[in-house]
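Each value in this text was obtained by applying a stated rule to the coordinates, not by laboratory testing. Fair warning: this is a prediction, and the values are worked out from it, not measured in the lab. Here the Cβ positions follow ideal geometry from the backbone for every residue, glycine too, while neighbour counts run over all protein chains shown.
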Amino acid sequence: MIKSRQIQRPQRVLVVDDQEINRDALGIILEDYYEVLYAENGRQAMNVLQDYHGDISIIMLDLMMPEMNGFEVLQALKADDQLKSIPVIVLTADKSAELQALQMGAADFITKPFVDMDEVILARVSRIIELSEGRQLISAAEHDSLTGLYSRNFFFEYAYRIYTYHPELHMDAVVLNIEQFHTVNDLHGREFGDEVLRVIGSEIRAFLRESEGIASRIEADRFDIYCIHQNDYASLLERFQKKVSEISPNISIHLRMGVKEWQKGIEPFLLFDRAQVACNKVRGDYQTPLMIYNEDMQKKELLNQQLLNDLRPAIEHHQFKVYYQPKYDIRCNPPRLCSCEALIRWNHTDLGMIPPFSFIPLFEGNGLINIVDSYVWAEAARQVAEWRRKYGITIPVSVNLSRSDVFDPTLVDRLVRLVKDHHLDPKQFKLEVTESAYTDNAQQLLDVIEQLRDLGFEVEMDDFGSGYSSLNMLSEMPIDVLKMDMKFIRNIETSPTDLRLVQLILDIASYLHVPVVAEGVETIGQLDLLRKSGCDLVQGYFFSPPVPPEEFELLIQKECETERNGNI
Amino acid sequence: MNLEELYQKIGGDYSRAIKVLRIEKLLDKHIRKLPANQIFAALDQAGKDMDATALFENAHAMKGITANLGLVHICDLASVISEEFRPGNPRTMSDDEVRRIIGDINTQFQNAVTAIAEYTSSQDS
């Protein structure tokens, strides 16, 4: 373990006196505790300071010396940015010089001769070094060394003081981010990235010289500005963007800005939280990179926060319901119920029925979707096993596999245990994977899919054609079923192009020897066209919307009836 | 002759000197260097020239050295000269009085030099 003494910088005392006896008298007192350097006059002292790059803890300075006297040294120190923070104790026998020395920046004085002064000298030197180092530490912690702006903690402390003690100032919160900053660093090097940050910091400081406020580089490429309300934030963003664009004409760097305008009673921390929400809203939007936080965003944010808070209690109190939407095999006439998809619904105690698009993307964004998925998997497996006991047939069920599930190291074991616990064949528990799971770390997904297929699970590619890398995914990922996105189906009765696209997808699937499920089938016309085109299975409102298990049982009963009649 | 005996002989304050320099070795070093110190000759010359600036600077420096060495008599006399010629202070003594004090300093200094020579020869033999 590193001891606290090891992280101390060496403490050096520079004794400046033309009289050797004075230097010795001080040296003998100080040498046991400090590294002591000596200079015979002011000129020599300045040379020592340059040699040590100002890394001197304290200067003990005689005032009357040849060549360059103590007052001239004090003046030279004051004028030098690197040296001005070094504390100076003036050594003098003349009371009259003390005031002048203190006025010129000396921290303290010691009267010569040093009779019985060792304890006093040591105490003064030690206390002044301590104070000075404390000040330096505070100063280093107060500012970001790269941009000169406040560091995060100091910024919020000062913002809070402005908010508390100057309520008459209506301050807005502005958050400035660089688009894809990590890519800028990766492509052009960290030095270039730092230069970009420096330029932004410098322009923010220039802005704050014109308008009241404070600013901070909160982290990496996030800048927070707490400033008097501006009428035109677009111009402000343009001003920063212009400076950044000037750095290198060949490298394009884009800024985005989020603003939360002053609001009575909203303290800075919350104000910046909202400005950040606004800033995130325009991530990747190069056309409109500015967003002012508004009430709708606030409502949405509050709703999201409520949903995040309520997720675990909702699981505990069974507010989530699994609905089932049937898939029909249209190669038979009449079409036969062959499987179903399990879909989550949330019947919230206060908010009523919440549509999946309100919470699934939210939970996908922070990994909580795993909790929801696990719940659906367990419930679906239990339900299929129950139907099997009740009706003597097994309806295979498909469940969604989210991107974050793929990164769960226990995924394969959990799925295997689940089907085992309910005595299901893995084939009867199908996993639907969307393109979004494929785009991030495709190899991880491919490895997991391979393992699952080896164990007998079937994988369905969901929403095929909805994104831009469906074909890539298809070429790399072994699948068992292809689910055609509903947008292809919607217009096939009126659009020959869409119909042709559907036929092309069916051709691809046929070439790969995988069956196709057409999603979103709503009309008999669509069904006929799909059947004629060679589609295998369909899912959609034409047959049934997603329904609760008790309603789905009616479909099973109907199917059992059809089967019995068929057998007669 | 040891250091304490030397101090007795020249009327110096040994205990004060040791309080400043803390160890005899350092006191020995600086007492041996005293005879060669040019400050006494410089003050004498400044007195002859009645050069106020040089009188102040040399008397001031002498006051510091002798105070540290516990040579209290010389220190007191140097202090009088230093205050007489401190910039901004009004003159209170005649030039003759100043020269007389410098003469006293020289006498004290010469006595010290002789005693120090005895001390060093007794120490080094």
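Computed quantities for the displayed model
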read-out	value
Reach of A:LYS483 by Cα under 17 Å, taken over lysines that are not fewer than 8 positions away in the same chain	A:LYS327, A:LYS427, A:LYS430
In degrees, nearest ten, helix A:295-316 long axis to first principal axis of chain A (Cα)	70
Neighbour-limited loop hits for chymotrypsin sites (Phe, Trp or Tyr not before Pro), the range A:217-290 (at most 16 other Cβ within 10 Å; DSSP other than H, G, I, E, B)	A:TRP262, A:TYR286
Options A:PRO249, A:THR164, A:ILE218, ranked by Cα towards positive dipole end of the range A:152-293, top entry (Cβ charges)	A:THR164
Net length gained if the chain between A:ASP329 and A:ILE228 were fully extended (0.36 nm per residue, minus Cα distance)	29.8 nm
Most mobile of B:MET93, B:MET62, B:MET50 in a GNM of chain B (Cα contacts under 10 Å)	B:MET93
Rounded to 5, the percent of DSSP beta bridges in chain A classed as antiparallel	45
Separation in nanometres of the label points that stand 7 Å from Cα toward Cβ, at A:ASN250 and B:GLN8	9.0
Dipole axis of the protein assembly as shown (+1 Lys, Arg; -1 Asp, Glu on Cβ), positive-most option in B:GLY12, A:LEU362, A:GLN503	A:GLN503
Per DSSP, loop chymotrypsin sites (Phe, Trp or Tyr not before Pro) in the range A:424-477 with at most 16 further Cβ within 10 Å	A:TYR468
Which of A:LEU270, A:LEU512, A:ILE28, positive extreme of dipole for the protein assembly as shown (C-beta unit charges)	A:LEU512
Loop-located trypsin sites (Lys or Arg not before Pro) in the range B:81-125, at most 13 other Cβ atoms within 10 Å (DSSP)	B:ARG91
Value of relative contact order over chain A, rounded to a whole percent, pairs C-alpha under 8 Å and six or more apart	8
Förster radius 22 Å - calculated FRET efficiency between A:HIS318 and A:ARG417, Cβ distance, rounded to 0.05	0.50
Alpha-carbon centroid distance for the pair the range A:243-308 / the range A:526-556, whole angstrom	43
DSSP loop trypsin sites (Lys or Arg not before Pro) with at most 13 other Cβ within 10 Å excluded, longest remaining stretch of chain A	A:284-568
Residue order, fewest to most beta carbons within 10 Å, for A:SER85, A:SER139, A:SER57	A:SER139, A:SER85, A:SER57
Nearest-0.05 FRET efficiency for A:GLN103 and A:PHE407, computed from C-beta distance (R0 41 Å)	0.05
Three-way shape label, the range B:3-124, alpha-carbon gyration tensor, a/c 1.5	prolate
Segment A:ARG345-A:GLU157, extension gain: residue separation times 0.36 nm, minus the distance between their alpha carbons	63.3 nm
FRET efficiency, A:ARG283 to A:LEU187 (Cβ-Cβ, R0 25 Å, nearest 0.05)	0.85
Set of lysines near A:LYS78 by C-alpha distance (under 27 Å), chain-local residues within fewer than 8 positions excluded	A:LYS95, A:LYS112
Given charges at beta-carbon only (K, R positive; D, E negative), |dipole| of the range B:3-124 in Debye	380
Charge dipole (debye, nearest 20) of the range A:311-567; +1 at Cβ of Lys and Arg, -1 at Cβ of Asp and Glu	580
Between 0 and 90°, nearest 10: helix A:268-281 axis offset from chain A longest Cα axis	50
Shape of chain A, Cα gyration tensor, a/c cut at 1.5	prolate
Helix-only mean residue ellipticity at 222 nm for chain A, each DSSP H run of n ≥ 4 adding -39500 (n - 2.57), per residue, nearest 500	-15500 deg cm²/dmol
Overall form of the range A:311-567 per C-alpha gyration tensor (a/c, 1.5; a/b vs b/c)	rounded
Label-point separation in nm, A:GLU493 to A:GLN50, each point 7 Å along Cα→Cβ	9.1
Degrees separating the helix A:356-366 axis from the principal Cα axis of chain A, which is the longest one	40
